[in-house]
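The values are calculated or read from the model by the stated rules, or taken from the named source; none is laboratory data. If you're wondering where the values come from, they're calculated on a predicted model, not measured in any experiment. Glycine also receives a Cβ, built like all others from the backbone with ideal geometry; neighbour counts cover every protein chain displayed. These area figures cover heavy atoms from the full protein model, side chains too; ligands, DNA and RNA do not enter into them. Shrake-Rupley method; radii C 1.70, N 1.55, O 1.52, S 1.80 Å.
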Amino acid sequence: MAKTILIVDDSSSVRIVLATTLKSAGYNVIDAVDGEDGLSKLTGEKIHLIISDVNMPKMDGITMVKKIKALPKYKFTPICMLTTESEESKMKAGKMAGAKAWIVKPFQPAVLLSAVEKLVLP
Amino acid sequence: MSNHIILVDEGCCIGTAVAAALRDAGFEVINASSPIGNESAGAVAMLLLPVDIANSRGATGRERYDNLQKADDEFQNNPRDHTTVGLNELCETAFPIWSRQINSSIQILDDEITGISQAIASMAEEISIAMNLCNVVVAEIVERTEDRSDGSDVRGKMEAVANALKSTVETRSTLLEDVKSLGPLTCGLESMANDVMEISTQTKLLALNATIEAARAGEAGKGFGVVASEVRALAMRSAEIAEAMVASSEDIQEKIHHTQMSADETAEVEVKVVETSNRNMTTILAVHDTTMNNLLVSLETMQGIDTTYKQSVSEAIIALQFQDRVGQILHNVSTSCDSGLEILAESIENNTREIDYEPWLVEMNTRFTTDEERQNLRAFMGDDEGSKNAVAGEVSFL
C-alpha cells in the first residue's frame, strides 16, 4: 500500500517537480496551491507526510501548520517545510508551529527522498 | 500631456530604460549628454524642466542651448529640489509600467516553466516506465538462459538431448553385440542336433538288428521283438526332432545375420545423426552464448543510461526550481515599486522635501524570502555581515 504525501506550494513548477520526485519513489501525491487549499485536502484520509512551502497567498505555510496541529486527526502527521526561506528566525517559527524538518529550495531529489523516508509515518 | 521636458542621461542602462519609459508615457526627453555637454552628463541623472523654460521647440538652436544651459546651472545649484519635484511624476508614470512588466514577466515565466516542468515530468515518467520494463525483460531473459544447477537452462537441455542420443546409440550397440553372441550358440545347437541324428541312425540300426535276432529266436524272442520295434520308432522320432532342430537353428542363424546387417546399417546412420546433432548443438550453443553476452552488454549499457538519465532528471528538477525563486524576487520588486510610489505620493501630499526611505527599505527587507535578496540589500547598504542561514538543498531536522 503506497503512502500518501500532501504537497502544498503556490508554484506550479515546484508542485510538478516535487510530485515527479515523490511518485518516482512510489508515493501517492495530493497537491494544494496554498495553506487554505492544503487544509481543505485534509478530509479524513490518512496522510503520511505533509510537505509545505512557507510564503504563499491566502494562507502561509506556518499558519497552516498551526491549524493542522489543532486537528485531532492530523496533529501527529509529520510536516516538512520546503521553502526559499533560510533564516534561522523563520526556521524557529516553523519549529514552534510544529514542523519537523526544514529544507531550503532548490531541493535535491535524492536528499529530499532520504528525508521523506525518515519523516514519513509507518 | 507633454507639459514638461525631461533631461535624462542616456549614457547608462538605467537612464536608457527611464528615457524609454518616459517617452512611452508622453514626455519629451532630451539626452543630457547631448545638448548640455559632457561636463554635466556625469552629474545629471535626470532633470525636469518647467515648460516655460524648456519649451523651446520653436526656438533657435542657440536659444534652446541657452535655455538648457540656464536650466542646467539652476539644477547644479539646487539639484535635489528639481529632482524631488520631477520624481513624483516620473515614478507615477514609470513605476506602474515597471510593475506591470514585472508581473507580466512573472506570469510568462510561471506559464513557460510550468509547461517545461510538465513536459520533463511526463518524459521522466515515460522513460522510467520504459527503462523498468526493459530491465525486467532483459533480467528475465538472462535468468532463463543462464546456467542452472537443475539443468533447466538452454545449455543443459541441449546437452541432455545429446546425451540421450549418445546413450541410445550405445544401448543399441550393446544389443547388437548380444545378438551377435547368439550366432555361436545356435551353431552349437545345430551340432548337438546332428549328434542326436547320428545317435538316432545308430539306434535304428541297433533296433533292426534286434528285430532280426528276435525273429531268429522264434517264439521266445517275440517280446524282445516288440521292444526292438518300439526302440526303432523312438529312434525315428528322435531323428525327426533333430532334423527340425537343425532346420530351426539354420533359420535362426539366417535371421541373426539379417538383424546384424540391419543393425550395422542403422548404427552407421545413428553415428552420423549424433555427429550432426553435436555439430548443430555446438553452433546453437555458440549463438546462444553470443546472444547472452550481447544481452548482458545491453543490460549494462541500459543500466548506465538509466543512471545517467536519473542524474539528468535530478539536475533538471533542481534547475527548474529557479522559477519559484525568481518569481518571488520579481514579485517583491513589484510590491516594492507600489509601496515606494505610495511613500512618494504621501511625501508630495505632505509637501515633504526630503523622503525618508529607511522605513521603505525596512519594509522591503521584511518581504524578502531569499538569500539573494538579502545579500543584494546588504551589498547596497555596504553591510557584508549576514546571519548564518541554512544552505539550499540541505535538510534541517527541527
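Across the range A:70-90, the qualifying residues are those that are within 14 Å of the chain's Cα centre (by Cα) and hydrophobic (A, V, I, L, M, F, W, C), and the one among them that is most open to solvent (accessible area, probe 1.4 Å) is A:76. If residue B:299 passes every condition in (1) under 19 Å from the mean Cα position of the chain (by Cα); (2) open to solvent by 40 Å² or more (accessible area, probe 1.4 Å) but one, which one does it miss? Only one criterion is unmet by residue B:299, namely (2).
When A:77, A:83 are checked against the criterion of being under 21 Å from residue A:3 (Cα atoms) and of a type in the set (Ser, Thr, Tyr), A:77 stands alone in meeting it. Any residue at all in the range B:311-328 that is surrounded by fewer than 16 Cβ atoms within 10 Å (Cβ to Cβ) and modelled with pLDDT under 85? Scanning the range B:311-328 turns up no residue that is surrounded by fewer than 16 Cβ atoms within 10 Å (Cβ to Cβ) and modelled with pLDDT under 85. Only one of (1) open to solvent by 10 Å² or more (accessible area, probe 1.4 Å); (2) outside any loop (DSSP other than H, G, I, E, B); (3) more than 9 Å from chain B (Cβ to nearest Cβ) is not met by residue A:65, so which one is it? Unmet for residue A:65, out of (1) open to solvent by 10 Å² or more (accessible area, probe 1.4 Å); (2) outside any loop (DSSP other than H, G, I, E, B); (3) more than 9 Å from chain B (Cβ to nearest Cβ): (1).
Give me a count of the residues in the range B:195-215 that are among the hydrophobic types (A, V, I, L, M, F, W, C) and over 14 Å from residue B:230 (Cβ atoms). Number satisfying all stated conditions: 6. Within the range B:215-223, identify whether any single residue is at pLDDT 85 or above, in contact with a Leu (Cβ under 8 Å, 6 or more places away or on another chain) and aliphatic (A, V, I, L, M), and answer yes or no. No: zero hits. Within the range A:16-27, is there a residue that is outside any helix (DSSP H, G or I), open to solvent by 20 Å² or more (accessible area, probe 1.4 Å) and at pLDDT 95 or above? Yes, the conditions are met somewhere in the range A:16-27.
Quick one: would you say residue A:8 is within 14 Å of chain B (Cβ to nearest Cβ), within 24 Å of residue A:106 (Cβ to Cβ) and either out of contact with any strand residue (DSSP E or B) (no Cβ under 6 Å at 6 or more places or on another chain) or open to solvent by 20 Å² or more (accessible area, probe 1.4 Å) (or both)?
It is false that residue A:8 is within 14 Å of chain B (Cβ to nearest Cβ), within 24 Å of residue A:106 (Cβ to Cβ) and either out of contact with any strand residue (DSSP E or B) (no Cβ under 6 Å at 6 or more places or on another chain) or open to solvent by 20 Å² or more (accessible area, probe 1.4 Å) (or both).
Quick one: would you say residue B:126 is surrounded by fewer than 14 Cβ atoms within 10 Å (Cβ to Cβ) and either without any contact (Cβ under 8 Å) to a residue 24 or more places away in the chain or out of contact with any strand residue (DSSP E or B) (no Cβ under 9 Å at 6 or more places or on another chain) (or both)? Criteria met by residue B:126.
The residue of the range A:36-54 that is farthest from the other protein chains (Cβ to nearest Cβ), among those that are open to solvent by less than 50 Å² (accessible area, probe 1.4 Å) and assigned to a loop (DSSP other than H, G, I, E, B), is A:44. Is it the case, given these coordinates, that residue A:115 is hydrophobic (A, V, I, L, M, F, W, C), buried (at least 18 other Cβ atoms within 10 Å of the Cβ), touching a Phe, Trp or Tyr at 6+ places or on another chain (Cβ under 7 Å) and at the interface with chain B (Cβ under 7 Å from one of its Cβ atoms)? Against the criterion (hydrophobic (A, V, I, L, M, F, W, C), buried (at least 18 other Cβ atoms within 10 Å of the Cβ), touching a Phe, Trp or Tyr at 6+ places or on another chain (Cβ under 7 Å) and at the interface with chain B (Cβ under 7 Å from one of its Cβ atoms)), residue A:115 does not qualify. Looking at this structure, is residue A:44 in contact (Cβ under 8 Å) with a residue 12 or more places away in the chain and on the phi > 0 side of the Ramachandran plot? For residue A:44, the condition - in contact (Cβ under 8 Å) with a residue 12 or more places away in the chain and on the phi > 0 side of the Ramachandran plot - is met. From B:229, B:262, B:277, grab the single residue that is in a helix (DSSP H, G or I), in contact (Cβ under 8 Å) with a residue 60 or more places away in the chain and farther than 16 Å from residue B:196 by Cα. Only one candidate qualifies: B:277. Among residues belonging to the range A:70-93 that are more than 9 Å from chain B (Cβ to nearest Cβ) and among the aliphatic types (A, V, I, L, M), point out the one that is nearest to residue A:34 (Cα to Cα). Going through the qualifying residues, I end up with A:82. Scanning the range A:94-112 for residues that are more than 7 Å from chain B (Cβ to nearest Cβ) and open to solvent by 40 Å² or more (accessible area, probe 1.4 Å) yields a single hit, A:96.
Rundown of residues vs (1) in contact with a strand residue (DSSP E or B) (Cβ under 7 Å, 6 or more places away or on another chain); (2) within 29 Å of residue A:119 (Cα to Cα); (3) more than 13 Å from every other protein chain (Cβ to nearest Cβ); (4) modelled with pLDDT of 85 or more, yes/no style:
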{"site": "B:303", "(1), (2), (3), (4)": "no, no, yes, no"}
{"site": "B:367", "(1), (2), (3), (4)": "no, no, no, yes"}
{"site": "B:373", "(1), (2), (3), (4)": "no, no, no, yes"}
{"site": "B:392", "(1), (2), (3), (4)": "yes, yes, no, no"}
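Of note, residue A:58 does not satisfy the criterion of being in contact with a Ser or Thr (Cβ under 9 Å, 6 or more places away or on another chain) and either more than 25 Å from residue B:367 (Cα to Cα) or modelled with pLDDT under 95 (or both).
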